[in-house]
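Each remark here refers to the structure printed beneath this line.
Any read-out appearing in this document is the output of simple, stated calculations on the displayed coordinates, not a laboratory observation. Keep in mind it's a predicted model, so treat the numbers as computed, not measured. Please note: Cβ atoms are built from the backbone with ideal geometry, for glycine as well, and neighbour counts cover all protein chains shown.
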Amino acid sequence: MAVRHFLTLTDLSAQELTQIIERAIELKKLRAQGITTDLFRGKVLGMIFEKSSTRTRVSFEAGMAQMGGSALFLSPRDTQLGRGEPIEDSARVISSMVDMVMIRTFGHQVLERFAEYSKVPVINALSDSYHPCQLLADIQTYVEHRGSPEGKVVAWVGDGNNMCHSYINAARLCNFELRIACPPGYEPDADILAAAADRVTVVHDPVAAVTGANWVATDVWASMGQETEQQIRLKAFENFLVDHELMSHANSNAVFMHCLPAHRGEEVSAELLEDSNLSVVWDEAENRLHAQKALMEFLQGHSH
């Protein structure tokens, strides 16, 4: 059987995604009861970071430890993917010593090339193009709070970035309608959009996107590596703050999500972020742990 990788959500079938989400919810319950599994006893996860991280590192490292395995943290100083040693060589060497590899990098093609030469599953822990692990957590959070997202309306307010791209893929797999509100010039990738044209629309007015939505999500306006554009972006996005006023246009039982870190007063108001009637962000953050454990279990079981 071939090695299974998780580079984008579309590496899973809709059925497999549902299975992983259900397992994540189950693992969360087991953890709350203090029931542990040592499914990964003797297994090692290699974690390659070319970009910094809080939630990604903590969730993968803790998740591996909770399942009886261990995780190896490689900082940008410890590996130089493609700078000096070809990616193909790094992939062959690292994958011969560990059981799974998680990579957080810039260019998505680094992941694709690494996966091509890897003997073990490779997980995208964020690239410039996608952030699929976050979507597993987001979908899990919606399912726990409101049930299946199928047929629902989801609004993305903000930049057409890697998170937005993963929301587009989620719309395809979970069968929901996605409305993206972004300033002109900050639209998501045209090809990624085209693949989901039947269920995704792009508008430039946040109110139009959020009206009647069941689930509203946003992210910081300047991602890692875009700090130099901060001022230009602040101006472009000034009407894209998600607050109680904007949420008042959504469905009465809508939830608000943010992958964090959040810049209170920029893309989200402090009041909304802390309003537990609408905001599920802390649950969403914790669910990275459970969703990734379920994902690693799935990849391990489907790669021999």
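Worth pointing out:
- If R0 is taken as 30 Å, the Cβ-Cβ distance between GLN226 and ASP205 corresponds to a FRET efficiency of 0.80.
- THR54 paired with ASP78, simple spin-label distance in nm, labels 7 Å along Cα-to-beta-carbon: 2.1 nm
- Nearest-ten-degree value, helix 281-301 long axis tilted from longest Cα axis of the chain: 40 degrees
- When peptides 195-202, 165-172 are sorted by average Cβ neighbour count within 10 Å, with the highest value leading, the order is 165-172, 195-202.
- Relative intensity, log₁₀ I(q)/I(0), of region 134-284 from a Debye sum that treats every alpha carbon as a point, q = 0.14, 0.18 Å⁻¹: -0.59, -1.03
- For the chain, the number of Lys pairs separated by eight or more positions or lying on different chains, with C-alpha atoms closer than 28 Å, is 15.
- Across the chain, Cα-Cα pairs more than 33 Å apart make up 22 percent of the total.
- Region 208-265: GluC sites (Glu not before Pro) in DSSP coil with no more than 16 other Cβ atoms inside 10 Å: GLU238
- Cβ crowding within 10 Å averaged over residues, with 113-121, 136-144 ranked highest first: 136-144, 113-121
- Computed from Cα atoms, the angle from the helix 162-174 axis to the main principal axis of the chain rounds to 90 degrees.
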